[in-house]
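Asks: First the structure, then my questions, so here it is.
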Amino acid sequence: MVKILCIEDDATTADYVARGLGEAGFSVDIAADGNAGLAQATDGHYDVILLDRMLPGIDGLAVLSALRAGGNATPVIMLTALASLDERVRGLRAGSDDYVSKPFAFTELLARIEAVRRRAVPTSGDVPVTRLAYEDLEIDLLARRVTRAGRRIELQPREFRLLEFLLRHREQVVTRTMLLEGVWDYHFDPGTNVIDVHVSRLRKKLDDGGARPLLHTVRGAGYRLGER
């Protein structure tokens, strides 16, 4: 399991990040000040470190500098409300791998975590994706057309966006937090069943005519487009 250390003194932000990453399948440890964070980062093995810029004890830049000076090469993403160009440059020069300004969307943070972990060499000549497919289900992003086994499926705009998001994360567990941010642009839980209602409607349309179910509920976690 991927282990992440979040060094963050704001309890609300730390809880939000830990909950969202936990739903996405990560193991998350929290440190509430710079000294504790540096000790945990040094003693434990982590795949990614999320590091607040302004911390009690020693600040984020000092933690980062100490890690790099000690030969710790764990990818570090700095989280901070200090969003000026000068501050971003200071963080990058101190050895951070990425920089996320507060307030941030969880889906963006998740994407940045995945990016720093990949460390892949960018490929040239990439062609923009205009079609997404899984088995006999296909979505044309330009024509806004959805078909399954050649059968046209009419979707409302929100249903289309939901299906696109699920297809982009096919065969992965998609959590409620990811859907709220990626489909509804909510950065909080509204406490309604809006996701369940839309998923239920989408599932009925996809499975109309007795087709094999593709969209599954993962109890206690979220949803998956693909095999159970």
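Asks: Using 0.36 nm times the number of residues separating residue 111 and residue 144, minus their current alpha carbon distance, what extension gain do you get? Before the final figure, lay out each step's value.
Replies: Working: separation 33, 0.36 × 33 = 11.88 nm, distance 2.48 nm.
Length gained, residue 111 through residue 144: 9.4 nm.
Asks: Across the range 159-168, in residue order, what do the Karplus-derived ³J(HN,Hα) couplings come to in whole Hz, using 6.51 cos²θ - 1.76 cosθ + 1.60 with θ = phi - 60° and x for Gly and Pro?
Replies: Coupling constants for the range 159-168: 5, 4, 5, 5, 5, 4, 5, 5, 5, 5 Hz.
Asks: Another question, then. Rounded, prolate or oblate, given the Cα gyration tensor of the range 1-124, with a/c below 1.5 counting as rounded?
Replies: On the way: a/c = 1.18, a/b = 1.06, b/c = 1.11.
In terms of gyration-tensor shape, rounded.
Asks: If you don't mind, another one. Per q in 0.09, 0.12, 0.16 1/Å, what log10 I(q)/I(0) does a Debye calculation on the alpha-carbon atoms of the chain return?
Replies: One equal scatterer on each Cα of the chain leads to -0.46, -0.75, -1.09.
Asks: OK, next. Of the options 174, 70, 21, report the single residue whose Cα projects farthest towards the positive end of the charge dipole of the chain (beta-carbon charges: Lys, Arg +1; Asp, Glu -1).
Replies: Of 174, 70, 21, it is 174.
Asks: Among bridges DSSP assigns within the chain, what percent are antiparallel (round to 5)?
Replies: Working: 18 of 35 bridges.
The answer is about 50 percent antiparallel.
Asks: Over the chain, what is the relative contact order in whole percent, taking alpha-carbon pairs under 8 Å and six or more residues apart?
Replies: Averaging sequence separation for qualifying contacts and normalising by length gives 13 percent for the chain.
Asks: Does anything in the range 48-73 have its amide N under 16 Å from the 7 Å Cα→Cβ label point of residue 104, and if so which residues?
Replies: Within reach of a label on residue 104: 48-55, 60-61, 64.
Asks: May I pose another question? Contour minus end-to-end for residue 154 and residue 192, with contour as 0.36 nm per residue of separation and end-to-end as the Cα-Cα distance? The partial results should precede the final answer.
Replies: Details: separation 38, 0.36 × 38 = 13.68 nm, distance 2.51 nm.
Between residue 154 and residue 192, full extension yields 11.2 nm more.
Asks: Return the carbon/sulfur percentage of the accessible area of the chain, one whole number, probe 1.4 Å, all protein chains in place. Let's see the in-between values first.
Replies: Numbers: 5960 of 11840 Å².
Result for the chain: 50 percent of the exposed heavy-atom area is carbon or sulfur.
Asks: Tell me whether the range 7-71 comes out rounded, prolate or oblate; compute the Cα gyration tensor, take square roots of the eigenvalues as a ≥ b ≥ c, and use a/c under 1.5 as the rounded threshold.
Replies: Details: a/c = 2.42, a/b = 1.39, b/c = 1.73.
Judged from the Cα gyration tensor, the range 7-71 comes out oblate (a/c at least 1.5, b/c at or above a/b).
Asks: After finding the eigenvalues of the alpha carbon gyration tensor for the range 129-213, what semi-axes result from the square roots of 5 times each, listed largest first in whole Å? Intermediate values should be presented prior to the final figure.
Replies: Details: eigenvalues 98, 41, 27 Å².
For the range 129-213, the ellipsoid semi-axes come out as 22, 14, 12 Å.
Asks: For residue 171 and residue 118, compute 0.36 nm times the residue count separating them, minus their Cα-Cα distance, and round to one decimal in nm. Display every interim value, and only then the final one.
Replies: Working: separation 53, 0.36 × 53 = 19.08 nm, distance 1.88 nm.
Gain on stretching residue 171 to residue 118: 17.2 nm.
Asks: Right, here's the next one. Around residue 99, which amide H atoms from residues at least 5 apart in sequence, or from another chain, sit under 5 Å from its own amide H, with H modelled in the peptide plane?
Replies: Hits under the 5 Å cutoff: 78.
Asks: Right, here's the next one. How charged is the neighbourhood of residue 171? Take every other residue with its Cβ under 10 Å from the Cβ of residue 171, and add Lys/Arg as +1 and Asp/Glu as -1. Display every interim value, and only then the final one.
Replies: Values: positive: 170, 224; negative: 227.
The answer is +1.
Asks: List the residues, sorted by chain then number, that are 5 or more residues from residue 7 or on another chain and whose placed amide H is less than 5 Å from its amide H.
Replies: 31, 50, 51, 52
Asks: List every residue whose amide H lies under 5 Å from the amide H of residue 186, counting only residues 5 or more places away in sequence or on a different chain, with H placed 1.01 Å from N in the peptide plane.
Replies: Close amide H contacts, sequence-distant or interchain: 181.
Asks: Further, regarding this structure: Karplus couplings for the range 140-154 from phi (6.51 cos²θ - 1.76 cosθ + 1.60, θ = phi - 60°), rounded to Hz, Gly and Pro as x?
Replies: These are the phi-based 3J(HN,Hα) values: 9, 6, 7, 7, 6, 10, 10, 9, 9, 6, x, 7, 6, 10, 8 Hz.
Asks: As an exercise, identify the GluC sites (Glu not before Pro) in the range 144-228 lying in DSSP coil whose Cβ has no more than 10 other Cβ atoms within 10 Å.
Replies: Sites meeting the loop and neighbour criteria: 154, 171, 227.
Asks: So what is the accessible area of the chain per residue, in Å², with the probe set to 1.4 Å?
Replies: Numbers: 11840 Å² over 228 residues.
Heavy-atom accessible area per residue stands at 52 Å².
The values are calculated or read from the model by the stated rules, or taken from the named source; none is laboratory data. From a predicted model like this one, the values you see are computed outputs, not experimental measurements. Note that each Cβ is placed from the backbone with ideal geometry, even for glycine, and that neighbours are counted across all protein chains shown. Remember, those area values only see protein heavy atoms, side chains included, never the ligands or the DNA or RNA. Shrake-Rupley method; radii C 1.70, N 1.55, O 1.52, S 1.80 Å.
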